[in-house]
1. Can you tell me which residues in region 149-164 are closer than 9 Å to Phe85 by Cα and either open to solvent by less than 10 Å² (accessible area, probe 1.4 Å) or in contact with a helix residue (DSSP H, G or I) (Cβ under 7 Å, 6 or more places away or on another chain) (or both)?
2. Is it the case that some residue within region 54-63 is open to solvent by less than 10 Å² (accessible area, probe 1.4 Å), of a type in the set (A, V, I, L, M, F, W, C), more than 10 Å from ligand 1 (Cβ to nearest atom) and under 20 Å from the mean Cα position of the chain (by Cα)?
3. Would a scan of region 266-282 turn up a residue that is at pLDDT below 90, open to solvent by less than 80 Å² (accessible area, probe 1.4 Å), of a type in the set (A, V, I, L, M, F, W, C) and not in a loop (DSSP other than H, G, I, E, B)?
4. Tally time: how many residues in region 130-156 are aromatic (Phe, Trp, Tyr) and more than 21 Å from Gly173 (Cα to Cα)?
5. Of all residues in region 291-307 being hydrophobic (A, V, I, L, M, F, W, C) and assigned to a helix (DSSP H, G or I), which is nearest to Tyr248 (Cα to Cα)?
6. Tell me, which residue of region 391-420 that is away from ligand 1 (no atom under 12 Å from the Cβ), aliphatic (A, V, I, L, M) and within 25 Å of the chain's Cα centre (by Cα) is farthest from Ile354 (Cα to Cα)?
7. Quick one: is Ile60 closer than 15 Å to Leu160 by Cα, within 16 Å of ligand 2 (Cβ to nearest atom), assigned to a loop (DSSP other than H, G, I, E, B) and assigned by TED's automatic domain parsing to the domain that holds Glu224?
8. Tell me, which strands (runs of 3 or more DSSP E) wholly within region 324-396 include 2 or more residues that are more than 20 Å from Ile407 (Cα to Cα) and in contact with a strand residue (DSSP E or B) (Cβ under 7 Å, 6 or more places away or on another chain)?
Amino acid sequence: MNTPIVELKSVGKSFRSADGTARSVLEGVDFSLKEGEIVALLGQSGSGKSTMLRIMAGLIAADHGQVLYRGLPLYGPAQAISMVFQSFALFPWLTVQKNIELGLEAKGMPPEDRVQRVAAAIELIGLSGFEGALPRELSGGMRQRVGIARALVLEPEVLLMDEAFSALDVLTGERLREEILELWQTKQLPTKAILVVSHNIEEAVMMADRVLIFASDPGRVRDELPVTLSRPREVESSEVRGLIDNVYGLMTAGAMRPGRVSEKEVKLQLGDRLPEADIARMDGILEMLADDPFQGRADLPELAEKTELTDQELLSVSRALTLMGFAHLDHGDIIMNPLGAKYVQANVPERQEIFGRQLLENVPLVAYIHHGLKQDPSGDLHEDLFLRLLRFTLNEDDARSALRIAIEWGRYGDLFEYNYTTGIIQMARKEEVAAE
Ligand code: ADP
Ligand code: MG
């Protein structure tokens, strides 16, 4: 334990978007994965977790900083590091056996050795009897077993699992996770360290010796929580529940509370991403919060369970509600503000009015669009105008998503209308009348 295997030192990475502007995805990432540990990495989607993993595996180069493998700079794909991806990425025309064997073949291992190694991996990961099956004949869980076997057959020193369980249904994901832990615990894996990227807080706490929390824009390690519980861990135990609470607290704290993070994250800027939260979901959470048993204050893990939202979804809604001034967060609890309570009690037109007012005050992108429409004599503007603006700070997908959310919210807040076929954003009719 404690000998670093892979180290990232002040690692930075930018990507160029379609229009040629660079966007910083990772900045000042310091991290080392040590012998004998499992580390979990949590963070919003788009925060650069997969990029960090690809850099660790030597699949892409960092722009700044250093990547060391066993103390030596890493220049290309690291032979001793294997990745497991969320999408199974199996070759559909190859059997299970062949899919697993591929990496060994690429390494130039003679066929007779390959067969043995593949057989061992198949046995280990519970695929016996499926050697001749094609991927399409398998369930999602079995396909992911193939994905894992394909990584394990290379006997990697380091295993990087990028949301490896998140495409599976809950039970299958849990079972596979437990099996991996069992193999790890009983030292049946040659692997010396595992890094799991997850968007499931419970999974992170159940698996890891430390949980790292990643910040967005640019991505970097913001917090770290050691998990010293012995394994196997009991998911319902008070220790595990307490740690889950702590992680929720850390995840919401960094995103919301001043002092810990830059002002930028606290007060939204024009070119920032917007949390992926639709109105119905915000309304639903507020209504639930107002009601029994919560009475205005809820523990986020409890709320996640009640709503059946994923952690990521719930955190997005929480961020949106905080942004709008309807609620605030405190140590992993969400607490309704008086304005939130007023909103819940209001009828629909009143809700829309409150929402619109809060948008203009707190969401610069919506305020900017609204302002633009007021300035323009025709009262309508094409969405491309705003997309072009957003592309200065966001990549294409994020720019589109931010604009889509701003438009959805703005429409509900009765600030403007939007024509899905033409992409034209228009002043809401109500305002035209008022302006005359
Ligand atoms: P995460 O895994 O945390 O969801 P990613 O590392 O996949 O985040 O992506 C971080 C950001 O970098 C995203 O905005 C993504 O669109 C962008 N990005 C990732 N890979 C590329 C690439 N090859 N070219 C341009 N942008 C990229
Ligand atoms: Mg990812």
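The values are calculated or read from the model by the stated rules, or taken from the named source; none is laboratory data. Note that the coordinates shown come from a computational prediction; the quantities given were computed from them, not determined experimentally. Here the Cβ is made from the backbone with ideal geometry for all residues, glycine too, and neighbour counts use every protein chain on show. Just the protein is used for accessible areas: all its heavy atoms, side chains included, with ligands, DNA and RNA removed. Shrake-Rupley method; radii C 1.70, N 1.55, O 1.52, S 1.80 Å.
1. Leu160, Met161, Asp162, Ala164
2. Checked region 54-63: at least one residue is open to solvent by less than 10 Å² (accessible area, probe 1.4 Å), of a type in the set (A, V, I, L, M, F, W, C), more than 10 Å from ligand 1 (Cβ to nearest atom) and under 20 Å from the mean Cα position of the chain (by Cα).
3. Yes, the conditions are met somewhere in region 266-282.
4. 0
5. Taking the candidates together, the pick is Leu300.
6. Once the filter is applied, the top-ranked residue is Leu403.
7. yes
8. Strands (runs of 3 or more DSSP E) meeting the threshold: 327-330, 333-336.
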